[in-house]
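Reviewing the structure listed below.
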Amino acid sequence: MNLHYHATHILESVRVSYLLANNKAVVCEQASDTEIPDGFDDLVLFSSKENLMETVERLLGDDAERTALADRGKKGFRDMPFGKNLNDALDRMERHSSDGRSHKAAAPILLNVGSGKNFLEDHLNLDIDPKWKPDVLCDLSDPDIIGETFETDRFGSVTLHGNYFYRILATDVLEHILNLTAFMTNIKKSARCRRGN
């Protein structure tokens with residue numbers, strides 16, 4: 001049985017893959033906004049959180065259905081085009097310039113807000129002042145900034161997603177923010193929640 005831990009409700013395909021590869025029938029919680037990767041919709045049995053236990057009990061009582069689901073899951077997982085999927089993902093991560101020489105790396109999961117002269121190579125650097133030449137030039141206290149896309153020299157198109165950044169630095173920044181409530185709200189939205197935090 002696979003339950004969502006994060007509020008994003010993305011199917012935990014890596015976790016589920018171990019069960020499928022070992023010929024196990026999988027029942028997965030499905031919310032209204034659960035994102036299901038291509039190919040997985042027929043490999044596991046989806047159920048709403050409210051009906052999860054009833055679905056599991058029914059499957060445990062029906063050996064034929066459980067075996068058929070396990071076999072379908074193993075075969076479907078084995079037949080997935082992982083090579084193509086990996087190449088497609090790498091292609092999306094590497095954006096070529098018009099001359100084909102420069103490559104863009106994936107946007108980091110580390111954010112440096114108000115980067116100023118403290119530009120960090122392994123972070124996405126964000127600042128409101130163009131003189132510092134940050135990766136992203138914007139005002140993080142804008143209440144509509146989450147979900148907005150920016151063009152960057154180092155990473156191509158970057159969207160400021162919610163629940164994305166594992167670490168957010170803001171050194172000598174807060175005292176310069178006029179709308180601190182909106183700023184901190186956006187920081188909270190963009191930070192990825194981790195257990196114990």
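The values are calculated or read from the model by the stated rules, or taken from the named source; none is laboratory data. Computed from a prediction, not measured in an experiment: that's the story for all the values here. In this analysis, Cβ positions are derived from the backbone assuming ideal geometry, glycine residues included, and neighbour counts consider all displayed protein chains. These accessible areas exclude ligands, DNA and RNA; they are computed on the full protein's heavy atoms, side chains included. Shrake-Rupley method; radii C 1.70, N 1.55, O 1.52, S 1.80 Å.
Out of the residues in region 1-22 that are among the β-branched types (Val, Ile, Thr) and either open to solvent by 40 Å² or more (accessible area, probe 1.4 Å) or at pLDDT below 80 (or both), which is farthest from Arg66 (Cα to Cα)? In this case the residue turns out to be Thr8. In region 54-65, of all residues being touching a strand residue (DSSP E or B) at 6+ places or on another chain (Cβ under 9 Å) and not hydroxyl-bearing (Ser, Thr, Tyr), the one that is least open to solvent (accessible area, probe 1.4 Å) corresponds to Leu59. Please tell me if Ser97 is polar (S, T, N, Q), open to solvent by less than 90 Å² (accessible area, probe 1.4 Å) and modelled with pLDDT under 90. In short, yes.
Residues in region 149-197 that are in contact with a His (Cβ under 8 Å, 6 or more places away or on another chain) and within 17 Å of Leu137 (Cα to Cα) were compared, and the one that is modelled with the lowest pLDDT is Ser190.
Among the residues of region 128-147, write down those that are surrounded by 11 or more Cβ atoms within 10 Å (Cβ to Cβ), within 16 Å of Asn179 (Cβ to Cβ) and either modelled with pLDDT of 95 or more or not hydroxyl-bearing (Ser, Thr, Tyr) (or both). Of everything in region 128-147, those that are surrounded by 11 or more Cβ atoms within 10 Å (Cβ to Cβ), within 16 Å of Asn179 (Cβ to Cβ) and either modelled with pLDDT of 95 or more or not hydroxyl-bearing (Ser, Thr, Tyr) (or both) turn out to be Ile128, Cys138, Asp139, Leu140, Asp142, Pro143, Ile145, Ile146. Of all residue pairs spaced 6 or more apart or on separate chains, those with beta-carbon atoms under 6 Å, a first member in region 23-46 that is open to solvent by 20 Å² or more (accessible area, probe 1.4 Å) and a second member that is assigned to a strand (DSSP E or B) are Gln30/Phe46; Glu35/Ile10; Leu45/Val27; Phe46/Cys28. Looking at this structure, is Ala191 without any contact (Cβ under 8 Å) to a residue 40 or more places away in the chain, out of contact with any Cys (no Cβ under 9 Å at 6 or more places or on another chain), within 12 Å of Leu111 (Cα to Cα) and surrounded by 11 or more Cβ atoms within 10 Å (Cβ to Cβ)? Answer is yes for this residue.
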